[in-house]
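Below: one structure, written as C-alpha cells.
The values are calculated or read from the model by the stated rules, or taken from the named source; none is laboratory data. Model, not experiment: these values are computed from the prediction. For neighbour counting, all protein chains shown are included, and Cβ atoms are generated from backbone atoms with ideal geometry for every residue, glycine included. Just the protein is used for accessible areas: all its heavy atoms, side chains included, with ligands, DNA and RNA removed. Shrake-Rupley method; radii C 1.70, N 1.55, O 1.52, S 1.80 Å.
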Amino acid sequence: MSISAQNNLSFVNDSYSGINSAVIAPTQPFLNPNPWDANLIAADILLQNDYAYISEQSIMGLCNATIVTANPNKNISGQSQPNVLDFYNKNKANLLFGSDILGPSLSMTAKIKGKKYAFGIFSRLRTQASVLKLDNYFRYNNERISEPDDYAFKPFSGTVMNWGEIGLNFAKPIFPESEKQWILGANFKYEIGLDAANVVGRDLKLTSSEPTVAQNTNLRNVYATDYDLSASYITNYNFQSKRYEYKQNGSGIGLDLGIAIIDKDKREEEYNYKIAFNLVDLGYVNFKQGLNHVFKDGNTVWLQNNPVFKNRKFDSPEEFFQTLSTEAYGDANASLKDYGFKIGLPTSINLNYGQRVKEHHFINFNWIQRVPVFENSVKRNNILNANYSVQKAAIGYGVSTTLSEYKNLQFGGYFRIGPLILGSENAFPLVFKHKELHAASFYMAIKLYPFWDNEMKRHRRKKCDCEK
C-alpha cells in the first residue's frame, strides 16, 4: 500500500501558506500578504511502494476492515477477493516512507530601510525511509514456489532516520535595479538525531537445496555462501520495556536555499508570474554512538529452516546481530567493528513556475527531483505536479494532478478557510474503493494570523504617487 503526501504542493503555492511553505520553498513566506503568520500543527505522510497492495478497499474503509494476507495454497489472493494484502511480485521492490509534522512555527515580514524582509522560525519532527530497486527475493515465498538453486543479489542499500529539526527562515530582495523582483531565501537548520539505521549490501550470494525428511517442511534450505554486508543502527526504543525513551542520539546541520524571480506591477497586490529554484535538505546527521556491524568473508550461514533462527523472537537488534555473528564467525562480537555513522538528509531540487490567470486565480507547476549528496542518505519521492488555485485572504482552494515517481498519476487539491487547511494530492482512494489500493494522501494544518491583513488595509497604507 502507498500513501503519498510530502508537503501538499497545492497549498505550498498559496500566497497565504506562510511559514508552512518555507520547508520546501524558502522564498515563499516573502509573498505572504499578512505581516504575521503562525502554524500550530501541520502533518503529512508518505508511504509508497510497489511491493504490496490491499484489494478492493479505500483508506476510510480500512478502519472497519479485517485484512488477511494472500496465501496461494488456500486460494486467497487479491485478485479473487477483497481485503487481501497481496504482492506484486516484481523482480525489483521499492519503498519510500516519510512523515513530516510541523510544530509551533512563526514567520513575519517587516520593512527595513524601505525594503521588505521575511523572518521565520519553525520546528519539525521527521521520519524518512528509502529502499530502491531491491532484488525481490521474497517473491518466491509469496508465490509459494521454490527458490532457485543459486541467486546473486545486485548491490543494494536501505536507510531510515527519525529526527527533529529547528530552523530559521530568512528571505530578502536582491538586485534592486532589475525590472523583475528577485528574492533570495534560506533556511538554516539544526538537526536532532533520534533513531537511524543503514544497510548496505555489496555482495550477497544465496544457494538453496531441498529439505531433509527429518525437517518436515515444504521450504527449501537457504544458505548465504558469499557476502559483503554492513549494517549500522541506533534507536531510542527500549525492547525490554517496550517503550520509546526520548534521547538525542545525533546532531547535524541542514541548509535550504531558494531564489525566486517575481514579475509584479507595483500597483498590484498579486504577481503576474513567478519562477523559483530551491535546493532543499542539504546536510547530514552524525550519530557518534551508532553501532556498525560488518559481515564479510565468513562461514556459510544457514538462513531458512535454521533452528537457531526459526520461530525465534529476538529481544533487540543487537541480539539478532550477535546471533548472526556467531553463525558467521563463531564469535558473537566479531561483526561489531566500530561506532559512529552519518546519514544524509533527503536532498532534492524543487523548481516552480506560477502564473496568474486573473485576479485571485493562479496556475502552478512543480518539479521535485531527489539528488542525494552523501553516500548514506535517505531519499524522498520524485514529483511532477500541476495545480490551479483561487487565493483570497480568508479562503483558498484548488485542484491538482501529480505524477509521483514519474509513473503514479494522482488527483487532489486543498481547501483553506480561516485557520484550517485540509488537502490531499491523491484524494480518490480516501473514500472510493480501489482494486489495488496503493496510493492516497492527506494533509492537515491549523494556522493563526495574529495581525490579519486585507486588501483595504494595504490600500490605505500605500503612498499616493499621483500628481499634486
Residues satisfying the stated conditions in region 9-26, i.e. more than 20 Å from ALA386 (Cβ to Cβ) and among the β-branched types (Val, Ile, Thr)
ILE19, VAL23
Testing GLN369 on (1) under 30 Å from HIS293 (Cβ atoms); (2) within 29 Å of the chain's Cα centre (by Cα); (3) not basic (Lys, Arg), one condition comes back false. Which one is that?
(1)
Here's a check for you: in region 28-49, which residue that is buried (at least 19 other Cβ atoms within 10 Å of the Cβ) and within 30 Å of ASP86 (Cα to Cα) is modelled with the highest pLDDT?
ASP44
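The rows are residues; the columns are (1) in contact (Cβ under 8 Å) with a residue 40 or more places away in the chain; (2) within 16 Å of the chain's Cα centre (by Cα); (3) assigned to a strand (DSSP E or B).
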{"site": "ALA332", "(1), (2), (3)": "no, no, no"}
{"site": "ILE343", "(1), (2), (3)": "yes, yes, yes"}
{"site": "GLN355", "(1), (2), (3)": "yes, no, yes"}
{"site": "ASN364", "(1), (2), (3)": "yes, no, yes"}
Restricting region 290-317 to residues that are aliphatic (A, V, I, L, M) and assigned to a strand (DSSP E or B), the residue that is nearest to VAL213 (Cα to Cα):
LEU303
Name the single residue, out of those in region 350-376 being touching a Phe, Trp or Tyr at 6+ places or on another chain (Cβ under 8 Å) and within 15 Å of GLN128 (Cβ to Cβ), that is surrounded by the most Cβ atoms within 10 Å (Cβ to Cβ).
ASN376
Checking VAL371 against (1) under 28 Å from ASN34 (Cβ atoms); (2) of a type in the set (A, V, I, L, M); (3) in contact with a strand residue (DSSP E or B) (Cβ under 9 Å, 6 or more places away or on another chain), which single condition isn't satisfied?
(1)
Using beta carbons and a limit of 7 Å, which pairs, at least six apart or on different chains, have the first residue in region 52-71 and at pLDDT 85 or above and the second one assigned to a helix (DSSP H, G or I)?
SER58/PRO429; SER58/LEU430; SER58/VAL431
Please verify whether region 142-149 includes one or more residues that are under 30 Å from ASN382 (Cβ atoms) and either surrounded by 16 or more Cβ atoms within 10 Å (Cβ to Cβ) or in contact with a Phe, Trp or Tyr (Cβ under 9 Å, 6 or more places away or on another chain) (or both).
yes
Could you say whether any residue in region 94-111 is basic (Lys, Arg) and touching a residue at least 40 places away in the same chain (Cβ under 8 Å)?
no
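Just for region 56-86: of the residues that are part of a strand (DSSP E or B) and out of contact with any Ser or Thr (no Cβ under 9 Å at 6 or more places or on another chain), which one is least open to solvent (accessible area, probe 1.4 Å)?
Checking each candidate, the answer is GLN57.
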Among strands (runs of 3 or more DSSP E) lying entirely in region 386-441, which contain 1 or more residues that are open to solvent by 40 Å² or more (accessible area, probe 1.4 Å) and more than 15 Å from MET60 (Cα to Cα)?
395-404, 408-417, 420-424
On the basis of being open to solvent by 80 Å² or more (accessible area, probe 1.4 Å), basic (Lys, Arg) and modelled with pLDDT of 80 or more, does LYS457 make the cut?
no
